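As structure tokens, the structure follows; a few thoughts come after it.
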Amino acid sequence: MKELRSEQSRPLELLAPAGSFEAFKAAVENGADAVYLGGKSFSARASAANFDLEELQKAVRYAHERQVKVYVTVNILIADQEFKELLEYLYALQEISVDAVILQDVGVSEIIQSILPEMEIHASTQMTVNTSWGVKHLESLGFSRVVLARETSADEMKAIAEKTPLEIEVFVHGALCIGYSGQCLMSSFIGGRSGNRGTCAQPCRMTYQLVNNEKENLLAQKNTGDHLLSPRDLNLSEELSELKQIGIHSLKVEGRMKRPEYVATVIRLYRQAIDRIGGQQEGNIVTPLLTPEEHQELLQVFNRDFTRGYFKGNLGAELMSYSRPNNRGTRLGRVARLEHGRLWIKLEAELHPGDGIEFWTGRGREGVTVGQIWNDRKETMEGLPGETVQIEFSGVAQPGDRVFKTNDALLMEKARQSFQEGREQRKSPLSMRLSGHIGEKLCLEVVDDQRRIIVYSAGAAQKALKRPLTWDYAFQQLGRLGTTPFWLDKLELETDEDIMLPVSDLNEMRRLAVEKLLTIEPPQRVDRQIYKQRIQLWKQRQVAEQSTLNREKIIPQVSVAVSDVLTLEASLKAGAKRVLIGGEHWRSRRGFSLEEIRTSFNNCRKLGIDCTWRLPRVLNQAQSEHLLSDLKQAVEWRETPKIMVANLGELEMLKSINPDWPFEVDYSLNVFNEASLAYFYRQGAKRVTLSPELHHEQLGYLAKWQGAEVLAFGDLEMMVSEYCPVGSTLGGKNGEHCARTCMKEPHFLRDRMRYDFPVETDQECRMHLFNVKTLNLYEELAQIRRMGFSTIRLQLTRQTPAQVRQTVRLFNEAWDALNVNKKGIWTPNDGMSELTSLFPEGFTKGHFFRGVI
């Protein structure tokens with residue numbers, strides 16, 4: 001249970017993004033309590049400018065002088081060959097006193113527990129944690145904070161916060177990913193740029209058509225818009241009071257790729273909103289945290305239209321920005337006329353020189369930067385609402401065309417002023433007490449929020465002959481704090497009446513006091529030699545575990561994943577000796593019931609077939625509770641079924657029922673390196689399916705671990721999302737209502753290159769998007785076997801019984817032939833011909849050769 005603490009009294013942390021030092025200063029100077037940023041390596045925003053170690057050290061010092069924390073992102077999957085560099089990087093981060101690192105890789109988190117337990121670690125939203133069981137598992141890994149999945153609702157946040165001592169961090173503003181973070185491989189499979197490696201190309205912001213089997217554009221007559229996977233921007237600025245009541249600790253603003261002016265504006269407005277919490281309600285009237293003018297500034301600085309996301313449930317189409325994937329700006333007015341190189345605009349908002357405006361016409365959009373403005377043939381520095389003004393314009397526009405302001409020059413200048421060099425305003429108040437007597441050295445005691453220091457004058461105070469020391473004079477001299485991060489708030493003067501101290505002594509006392517305040521005592525640092533010894537011990541343990549963990553003999557097998565009874569029967573008829581049943585329950589077919597899973601286990605056991613129950617890759621809090629009930633029934637079966645877990649919450653559920661429950665690990669847990677593999681084996685895993693983003697050299701390195709399994713054939717799932725494009729555009733989905741259009745016929749998302757990506761909807765109305773082509777490593781089976789792998793996996797969860805039967809037969813024959821070690825007994829030619837006829841959409845080798853960036 002949660003430790004006793006007052007969530008109401010604890011202040012909310014405002015956590016700001018920074019992709020550059022300018023953006024970092026903008027965050028600090030506008031009221032951030034903490035800033036998250038990335039280094040030049042190991043960061044999930046690799047395209048941002050980011051910080052080298054020297055810049056990181058400068059940023060940490062600047063922040064700590066102003067009582068602001070710095071969290072560094074190490075939130076990608078780490079390749080084995082990168083660990084040497086990573087370990088050096090982690091040590092450097094603790095040397096410069098970063099406050100925490102944000103992690104995705106479960107292997108990295110456990111390594112830090114072994115070699116650098118002094119470092120605070122936060123679980124990234126890339127870990128796909130959205131239940132109390134997932135958070136509980138993070139506790140055991142040493143995390144002090146978790147960033148919940150963006151799909152988590154207010155009720156779910158509350159349920160999670162009540163059950164954990166961990167700090168809860170949630171996103172409150174900025175861009176949304178349409179799929180679950182950490183589970184999206186769309187950019188990875190389309191272009192080799194992996195979101196799990198920090199290089200997502202954002203294909204979700206591109207245009208798509210929703211088509212059926214006949215390739216008909218189902219939205220052609222609806223004027224919906226073409227950006228079917230592009231969500232609006234999150235804005236929870238008016239939900240902050242509820243978030244505080246729920247027990248949320250940190251409010252995170254997205255935007256490491258945004259410019260400094262954006263960071264300055266959004267952080268300033270959220271700072272104001274947070275500071276107004278508590279004064280929001282007068283009697284029965286609840287007043288907004290932000291004024292209409294402040295909301296307008298949030299819109300103006302950047303928006304794709306705003307949404308509350310999943311905070312109050314699934315909004316369907318109301319979540320989306322179908323018409324455009326970039327900044328919409330704010331409504332400025334309409335075109336009145338165009339003639340002789342001048343455009344007349346009837347204004348609905350203010351217009352100034354330097355503003356960026358955009359015209360929305362029937363032919364598309366055209367943007368310009370405003371130069372001169374005329375009103376009644378007189379040049380003016382502003383146009384006001386209701387006026388019709390003229391600007392120079394050489395493009396094409398028609399009367400009635402809508403005009404939007406995409407850049408507000410005055411708002412940008414206001415933002416820049418807030419973080420301009422030499423004009424820093426983020427300062428801490430100081431209380432001073434100057435005391436002493438004639439003939440003694442005066443004592444200056446200085447107190448800020450966290451420290452108390454004392455300095456003494458260089459010489460003794462004397463009796464004043466003309467001008468004794470007054471409170472006003474002492475305040476004037478001691479308050480000259482210049483560009484330091486302090487200002488003098490209070491001064492107590494406790495000295496003899498006719499005392500005098502030279503101004504040079506007063507100034508020196510002030511200088512010494514500031515110097516001491518800025519000498520920040522670093523937390524206890526780990527000696528480098530001790531760190532190296534810890535690394536050596538960790539490496540020795542890793543080697544020992546590789547030869548001791550999971551040493552039960554693995555019989556060479558082909559694992560066959562199926563999602564219904566008919567395809568299970570087809571796989572068994574084809575000779576499958578190992579089956580993975582369950583997983584997602586597609587609405588397009590009848591899945592396994594709990595009783596059918598039990599019956600299938602019994603039947604497989606009688607036939608000597610190795611059977612494992614696959615769990616869904618994503619479940620929310622309520623769905624997890626339902627699964628927990630099913631698992632409690634399953635543990636009472638005649639023989640406890642082996643389970644394949646797809647997320648950390650499911651693993652924690654198993655452990656809570658029976659610590660020795662036999663389990664396997666699915667590829668959705670992103671096992672990308674030896675450290676992650678060892679972690680799950682240490683937890684008791686019998687087998688682990690490796691990440692599909694690994695290339696052949698990386699796979700070969702991991703093949704020495706018994707029980708590691710490789711995806712060799714089948715559907716590659718690119719995305720799982722709470723948003724369903726079929727229901728939202730065709731089924732009228734809004735909250736709980738939906739016409740279930742997804743069940744009537746197959747659907748695809750067609751991209752601009754005319755590739756059709758299959759869409760499946762599961763029983764919880766989640767959308768699963770699959771790759772156009774089927775993964776096929778049939779021709780690479782000999783190479784995979786030479787690597788040392790005993791088991792390969794066929795992912796046949798959407799195929800017909802006929803496809804399953806023939807595919808299983810072909811792979812069984814090939815794998816059996818390769819395992820008798822007779823040269824020339826098998827060639828892939830005939831099998832490839834059969835597979836090509838079975839799957840006319842074509843094949844891909846995935847990342848087996850190209851890997852990911």
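The values are calculated or read from the model by the stated rules, or taken from the named source; none is laboratory data. These numbers come from a predicted model, not from an experiment. All Cβ positions, even for glycine, are placed from backbone atoms using ideal geometry, and neighbour counts span all protein chains on display. For the accessible areas, the whole protein counts, side chains as well, though only heavy atoms, and no ligand, DNA or RNA atoms are used. Shrake-Rupley method; radii C 1.70, N 1.55, O 1.52, S 1.80 Å.
So here's what we get for this one:
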quantity	calculated
Tally, over the stretch 544-587, of residues that are open to solvent by 40 Å² or more (accessible area, probe 1.4 Å), under 33 Å from the mean Cα position of the chain (by Cα) and among the hydrophobic types (A, V, I, L, M, F, W, C)	0
Residue identified as β-branched (Val, Ile, Thr), within 27 Å of the chain's Cα centre (by Cα) and at pLDDT 95 or above among Val772, Val804	Val772
Out of Phe486, Phe475, sole residue that is aromatic (Phe, Trp, Tyr), more than 41 Å from the chain's Cα centre (by Cα), open to solvent by less than 90 Å² (accessible area, probe 1.4 Å) and more than 30 Å from Lys346 (Cβ to Cβ)	Phe475
Hits in the stretch 198-212 (condition: surrounded by 18 or more Cβ atoms within 10 Å (Cβ to Cβ) and either in contact with a Leu (Cβ under 6 Å, 6 or more places away or on another chain) or of a type in the set (Ser, Thr, Tyr) (or both))	Thr199, Cys204, Tyr208, Leu210
Test: residue in the stretch 819-827 that is open to solvent by 60 Å² or more (accessible area, probe 1.4 Å) and in contact with a helix residue (DSSP H, G or I) (Cβ under 7 Å, 6 or more places away or on another chain)	yes
Meets criteria (over 27 Å from Ser676 (Cβ atoms), under 28 Å from the mean Cα position of the chain (by Cα), surrounded by 15 or more Cβ atoms within 10 Å (Cβ to Cβ) and of a type outside the set (Val, Ile, Thr)) for His626	no
Where a residue in the stretch 767-792 is of a type in the set (Asp, Glu) and its partner, wherever it lies, is open to solvent by less than 40 Å² (accessible area, probe 1.4 Å), with Cβ under 9 Å and at least six apart	Glu779/Pro828; Glu779/Gly831; Glu779/Met832; Glu780/Ala712; Glu780/Pro828; Glu780/Phe848
Strands (runs of 3 or more DSSP E) contained entirely in the stretch 375-439, each with at least 2 residues that are open to solvent by less than 20 Å² (accessible area, probe 1.4 Å) and at pLDDT 95 or above	388-392, 402-407, 428-436
Residue list for the stretch 722-758, restricted to those being among the hydrophobic types (A, V, I, L, M, F, W, C), open to solvent by 10 Å² or more (accessible area, probe 1.4 Å) and under 24 Å from the mean Cα position of the chain (by Cα)	none
Per-region count, the stretch 135-193, residues of a type in the set (Gly, Ala, Ser), under 20 Å from Val253 (Cα atoms) and free of Cβ contacts under 8 Å to residues at least 60 places away in the same chain	3
Among the residues listed as Val645, Val558, Val635, the single one being among the hydrophobic types (A, V, I, L, M, F, W, C), under 22 Å from Gln683 (Cβ atoms) and touching a strand residue (DSSP E or B) at 6+ places or on another chain (Cβ under 7 Å)	Val645
Odd one out for Lys215 among (1) farther than 21 Å from Val772 by Cα; (2) of a type outside the set (S, T, N, Q); (3) assigned to a loop (DSSP other than H, G, I, E, B)	(1)
Selection status of Val335, touching a helix residue (DSSP H, G or I) at 6+ places or on another chain (Cβ under 7 Å), open to solvent by less than 70 Å² (accessible area, probe 1.4 Å), in contact (Cβ under 8 Å) with a residue 12 or more places away in the chain and more than 25 Å from Ala154 (Cβ to Cβ)	no
Qualifying position, being open to solvent by less than 60 Å² (accessible area, probe 1.4 Å), among the charged types (D, E, K, R), closer than 30 Å to Glu151 by Cβ and modelled with pLDDT of 95 or more, among Asp355, Asp305	Asp305
Candidates Glu293, Glu242, Glu238, Glu282, filtered to the one that is surrounded by fewer than 20 Cβ atoms within 10 Å (Cβ to Cβ) and modelled with pLDDT under 95	Glu282
Matching residues, the stretch 455-472, being outside any helix (DSSP H, G or I) and open to solvent by 50 Å² or more (accessible area, probe 1.4 Å)	Tyr456, Ala458, Gln462, Lys463, Leu465, Lys466, Arg467, Pro468, Thr470
Selection count, the stretch 509-526, where residues are under 11 Å from Tyr91 (Cα atoms) and open to solvent by 80 Å² or more (accessible area, probe 1.4 Å)	1
Checklist (1) under 29 Å from Gln621 (Cβ atoms); (2) of a type in the set (S, T, N, Q); (3) outside any helix (DSSP H, G or I) applied to Asn326, failing item	(1)
Residue in the stretch 638-648 that is of a type outside the set (Ser, Thr, Tyr), in contact (Cβ under 8 Å) with a residue 40 or more places away in the chain, part of a helix (DSSP H, G or I) and surrounded by fewer than 22 Cβ atoms within 10 Å (Cβ to Cβ) present	no
Residue list for the stretch 833-851, restricted to those being assigned to a helix (DSSP H, G or I) and touching a strand residue (DSSP E or B) at 6+ places or on another chain (Cβ under 8 Å)	Leu835, Thr836
Matching residues in the stretch 773-815 - criterion: being farther than 20 Å from Arg578 by Cβ, outside any helix (DSSP H, G or I) and open to solvent by 30 Å² or more (accessible area, probe 1.4 Å)	Lys773, Thr800
Residue within the stretch 353-362 that is over 27 Å from Gly225 (Cβ atoms) and not charged (D, E, K, R) present	yes
Members of the stretch 469-524 that are among the β-branched types (Val, Ile, Thr), in contact (Cβ under 8 Å) with a residue 24 or more places away in the chain and more than 20 Å from Gln67 (Cβ to Cβ)	Thr495, Ile499, Val503
From the options Lys215, Lys252, Lys258, residue that is farther than 30 Å from Gly846 by Cβ, open to solvent by 20 Å² or more (accessible area, probe 1.4 Å) and not hydroxyl-bearing (Ser, Thr, Tyr)	Lys258
Among the residues listed as Glu745, Glu764, the single one being in a loop (DSSP other than H, G, I, E, B), touching a Pro at 6+ places or on another chain (Cβ under 9 Å) and over 21 Å from Ile190 (Cα atoms)	Glu764
Pair list, Cβ under 8 Å, 6 or more apart: the stretch 825-853 residue in contact (Cβ under 8 Å) with a residue 40 or more places away in the chain, other residue open to solvent by 30 Å² or more (accessible area, probe 1.4 Å) and part of a strand (DSSP E or B)	Leu835/Phe843
